[in-house]
Structures are given as structure tokens and as C-alpha cells.
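First up is the structure itself, then whatever we jot down about it.
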Amino acid sequence: MLNKRIVTILRDICIDGKAAGVEALAAQYGISNRMVRYDLNHINEFLKENGFSTQLKVKKSEVMFDTSAKERETIKALIDSWYDRDYILSRKERAVWIIFRLLHPSLQGIITYETLCEELKISRSTLICDIRYVRKRLEGWNLKMVSIGKKGFCCIGKEKAIRSCIRNFLTGEKAYAAEQLFEYQVRFHSPEMNLYSFTKEEIDWIKDETDRMQKKVGVILSDMDLVKFISVILIAVRRIRMGCLIDSFEAVRPDIKNWREYDCCRRLRDRLSKRYDIMIPEDEIIYLMSYFISASKTYGLKGEREDCLKEDLIANKIIARFNKITGKHISFSEEMNEYFMNHVKSMVFRMEFDISVTNPFLDEIKQKYPQIFISILDSCSFLEQYFGKRLSEHEIGYMALYFQMALEDEGKEEHLQEKKIVITCASGVVTGKVIANRLKKRFKFHLLGTTSCHHIQEFLKQEEPDLIISSIPLKETLAVPVIVVSPMLTKEDINNLKDMLPAVEKQKDNKQLMEEILSVVEEHVEPVQMERIKNILKMNFHIEPVTAYKEISRILSLEDILLNLQVSDWREGIRLSAEPMQKKGIIGDSYITRMIETVERLGAYIVITDDIAMPHAAPGDDVYSFGITMAVFNEPIAIFNRDGIKMFIAIAMKEEENYRDVIMEIMELAEDRTFIELMYHAKSPENIYRYIVYGDSAEQ
């Protein structure tokens, strides 16, 4: 959309050839530098759409437009032909006009070709092309455009989809600052679209309310998700005023009203009702909560919810399947594991509440890491059975970044007295971590942390970095130098950083070191000893995976392995499989009751493969140490809609105990077909125990 300000800038630079700088234009029109750059991008899109090859370029904040006099005249003729209009609309912008007209309830869903041709000042043939484009865009939001005979056409779909569509076209998926909701709101002549215009005071009030929620729960939303959540609130208020209420949520977790997030959204509902003098029903609280919980966060939720293990199990199963598919044995650092687990928790909620996410780096990720992307796609295929839908490519792209970082991480910590840096990003923690990992491969520095762009001022009150590295331009003027880079760290980015950060000396990899050691040793030892030395070096350098399950071996004993159990149902299966832990004093009686109640409340989420389930409950006072049992049934049993379950791997976790490595090994064990076949056919627990501890699968 070219408004009067953009047309004036276009005339001055592209037609009249006047010199201009970003800061000078910002001062002239009373807008931010960022807003100027957006205006220049709009001009470039307009030029490209109309067949002009020359584009505006910004070099050292100076705006350049190098073209011929003939092309300037052609641009002038085009602009003059639109002189009597406030705006010049592209096809995409005409599509927005049509969509907003279709989605307004006062039209009763019907609009005619004649009306739109008159409003948009276009021919019927042009409108027909626009309608095809609109129809395709609406389908992407599960909305359907339907012809009503000769009367015109309408749009049908659920209210949730309508709101998502409005938010997307109103703010765009790449908005990363709350101010953009004010600067970029749609202000065409259509009164339907003006209903969604927001005042700065209104946006600031809702931003303050959102900040209060973040502090209450103990999270910081990424910049993009903060803007998304604010826009979700604003659009919800407008739609409720029009009498358009959200559809009832059919599948909501039974205990959801006990969560702090629900309480925060309920309080927000009450304040919104008072401010806007509207009645907001219960389902709207769940709607707001679904967006708040599924958002990307700078750090995870404080405290534990009783069902949080569901998401942890899914995360660990993804890692185990990835390792099996790729033949690798990746492991996240403790910090990265926490970020990954929180990401999976948000992802699970997005799937449960059918919330889409946009990954701005998807194409680049697929191009740079095709094998990782495909492996993650296969690793996450089981989620379709859990949620009845496939994980989107955008979600898989974010996941691929975590695994790529894990593969790049050599697990070495360096204590360097180098420059202190902080990394800011708009789209979430993973973007900042990608940048950090890229930098660690090339430069020496001390990373103070990663944070969202809107939180940088608060971060600087607590830390004193020498340099800020950001994935987007920062609006604030800061005392600390800022360098903007791509999350993928391009050659240009590396060159820009060379003067700021010292380079890392290249290190020899473990395999190379092992070969050098062997070349020296082989002259002094017998061939028989050489093989033993080589195996020891491989194990210490982690060149080949160790076959035994070390963490499980540390906990498991022979009496924890139960074969050929006869049970009537899954409840009895849980009781019998937990008995060894109860007899050893690892758990109290109430823990077994809680395991059964958790399944009754949440369903068959404990099923981790087609034939294996992992009964458990949240840590509590009735758990005295970590425990694990393995039980095989003589006949398969069913857990609600999941039948064919042959094995239980029951676990118990003490409060605050670190169980990550054990859970990881359990998930790998559940994918180990040698172990599974042994469990189903072993004559005694000794065979199972020997395989887990020593990797020996031979029958004794």
C-alpha cells in the first residue's frame, strides 16, 4: 500500500532524484528510522510489481536510486495516473480489502462484484483475478469462499479461523514491535477495516496488562509472540463487540482451570470487560490462554504442573527417534535441554489448540540442513497419532535448529576473558541460540545471555555487555554498540564481526587426536594390546557409542524386571508393575493411586510406542528416590483407545531430582528392537539385565 507519505518519498527520490538519508526522512515525517525503512521496502515492492528492475538501496543510511531519466519519466507517468487517490493498492492490498469486507458480520456474508468493482475502481476481469487470489489465501486459514448464485459470494468458517486471518492480514506475521500495531494498522477508506484500528493509548494499556501476566507466570514472551498476543486481545475485543464469539473448545485438559496462566487470563478478561463494557464468556478465557501458553518464551515456566511429563516424554521420544534414524547420539547441554523442553511444551499446546506458527527462516533451514530437516520430519511422525494432525514444516524447521546446534556443539566449555556479548532476537530463544552457536565456532567471547528485543533495556540494567548482536534492527538508542546479523551468520556478517571479536583457533577433532596417539603408541606395544588401547580411546573420545545403558544400569536391579504378568486391565498392570518400587521403599501407596488417576484424567498419553507404555505421576512427597521397573504381560492390554500394549516401563521421580538422562535412555530403549525382542522372549530377568548393563544379547 502506497499512502501519501510513501508517494511523496517516491516522487522526491525516484522521480526528482533528490538526495535523502534515513534519519533525515524520519525527522521530516516524524516517524522512526525503522518506519522509514519499511516505507522504502513498500516502494521497492511497488516498483518490482510494476516491472521496474531498479530498486532503492540504503548504504550507510543514505538512500540511493540509480536509474535512467527514461525510467524516472515512466515512474512519474504511473504515479500521475493515480494522483487523485490517497492510496495505490497492489493486488495483495486489494485482497485485504476484499477479505475484510467478507468477514464483517453486518454484511451477512454476502458481497457483490459490482460493489467491489466500484469501491476498488477496477474492472470485473481484474476483480475475478483478485477473487481467485483471495480464495486461495482464505483456504490457508480453513476459510471457504462460496458463490451465492448471481447475488455475489460469501465466506464461511469458524470464528477462531476468522480471527487468525484478520490478525495475519492486519499485522503480518513478521511484526516484532508493539508499535507496529499502531504504525501499520490498516486505514483504507473501508469502514469495515477501520473497525480494527487501534489507538496508541489502547495498545500501551494492553501491553502493560501483558507485562503483568508475564511477571506473574515468570516468563518473557518473544517479541513476535508478544505482538501476536496483544493483537489477539485487540481483535477479540472488536469481534466480541460485533457479537462474534469464539467457538467452544471441545477438548480441553480437565485441570486447566487450576493453572496460573488460566487465572491470569481470567483476571485479564475481567479488566477487559470493565474497560470496554462488554460481556466476555468463559471460552474466550481459554482462547486467550491458548495463545499465551503456546508462545515462544525466553525462559521456561516456573514451577511444575502435574501433567508436564507428557511434554517431556514427547521431547525425549523425538530425541530418541532422531538418534535411531540418523545413527547419531546427540545430547543437549543442560541449558539447551531446558530450552528445548520448553519449546516442545509450547509446540504441544499449539497442536492441541490448533495454533499455527510462522518460521521466517524455513526456506533457509531446508536449504542449509536438508538431512536434519528430513530426519526431524520422520522423528516427529508419531505425533500425528497423538494429535490427529501432522506437525507443520514451520514447527519442524524450529526443531531442526535445535538438533543442528546439538550436532555442532562439541561439549567444551571455555573460560575466556574476552568481550562480553548479549544476543537479542525477535522470533524466540532458538534464534538467539543459533546465532550463539555460529559465533562460538569462529570467535572468542563471553556470552552473557540471549533475550528478546523488547526486554533488552531490562537486561542491560543487570548486565554490562561490550557488544549487542541482534537478529533485527533495534529501535532504542543504546550506549552499547549493536551489530545486526542474520541467524544463519552470512559471510558479510562474519566480516563485520572480525574487527569486534577475536577468532577461535582451530581445534583438532577427537578422531584425529586418537589417530595421532595410536601412531606413536603402536611402535611400543604388541598388536594384541593395540586393539585394547584403541577401544579404550574410542570410548573416552566418544568416537563410537557405548552399547550399555549406563543411567538405567545405575538404578535397575533384577527384581525390577517382571516377565509374563497376567493382568485384567491397565489399572492392575500399573499396580503390579509398581510393586517392586513399593517393596523397596522407593514409593508410597499413594503414588500408585496417582499414576492411575493421571491416566484417567489425561488419557493414554503414557503410551510411548505401539506396544510400550510408561506409567508415572508427577514428583511428590510419596516418592523417596528414583525408581524404574519393566514388566511384560502374557497378553496385550488396552489403555482407552490404544490397544496392543505388551510392556510397561514404570518410573518414579523424586521432587527436584534430575531425571533427564534416565528418561532419555528409556526412550532409546523403547526404540531398541533387540531389547524388545529379549523382553518378549527372555526366559529369565538375567538376560534382560545383562543386555541393559553390558550390551550382551546372548541367551544364557
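Annotations for the structure displayed:
- Enumeration of residues in the stretch 558-608 that are among the polar types (S, T, N, Q), surrounded by fewer than 17 Cβ atoms within 10 Å (Cβ to Cβ) and over 39 Å from the mean Cα position of the chain (by Cα): Asn564, Gln566, Ser568
- Condition check for Phe332: at pLDDT below 90, surrounded by fewer than 21 Cβ atoms within 10 Å (Cβ to Cβ), more than 30 Å from Ala652 (Cβ to Cβ) and under 23 Å from the mean Cα position of the chain (by Cα): no
- Exactly one residue among Met279, Met242 is outside the structural domain of Pro105 (by TED's automatic domain parsing), over 20 Å from the mean Cα position of the chain (by Cα) and at pLDDT 90 or above, and that residue is Met279.
- Looking only at the stretch 45-60, residues that are crowded, with 17+ Cβ neighbours inside 10 Å and not in a loop (DSSP other than H, G, I, E, B) come to 2 in all.
- Checking the stretch 660-675 against the condition returns a match, with at least one residue being basic (Lys, Arg) and more than 20 Å from Gly573 (Cα to Cα).
- Odd one out for Lys70 among (1) free of Cβ contacts under 8 Å to residues at least 24 places away in the same chain; (2) surrounded by 13 or more Cβ atoms within 10 Å (Cβ to Cβ); (3) over 24 Å from Ile472 (Cβ atoms): (2)
- Residue pairs whose Cβ atoms lie under 9 Å apart, separated by 6 or more positions or on different chains, with the first residue in the stretch 591-605 and at negative phi and in a helix (DSSP H, G or I) and the second surrounded by fewer than 16 Cβ atoms within 10 Å (Cβ to Cβ) and among the polar types (S, T, N, Q), are Ala604/Asn641.
- Verdict on Leu40 being surrounded by 16 or more Cβ atoms within 10 Å (Cβ to Cβ), out of contact with any Cys (no Cβ under 9 Å at 6 or more places or on another chain) and modelled with pLDDT under 80: no
- Taking the criterion of being farther than 27 Å from His343 by Cα and surrounded by 15 or more Cβ atoms within 10 Å (Cβ to Cβ), the residues of the stretch 260-277 that qualify are Leu272, Ser273.
The values are calculated or read from the model by the stated rules, or taken from the named source; none is laboratory data. Please read all numbers here as calculations on a predicted model, not as lab measurements. With ideal geometry, Cβ positions are generated from the backbone for all residues, glycine too; neighbour counts draw on all protein chains shown.
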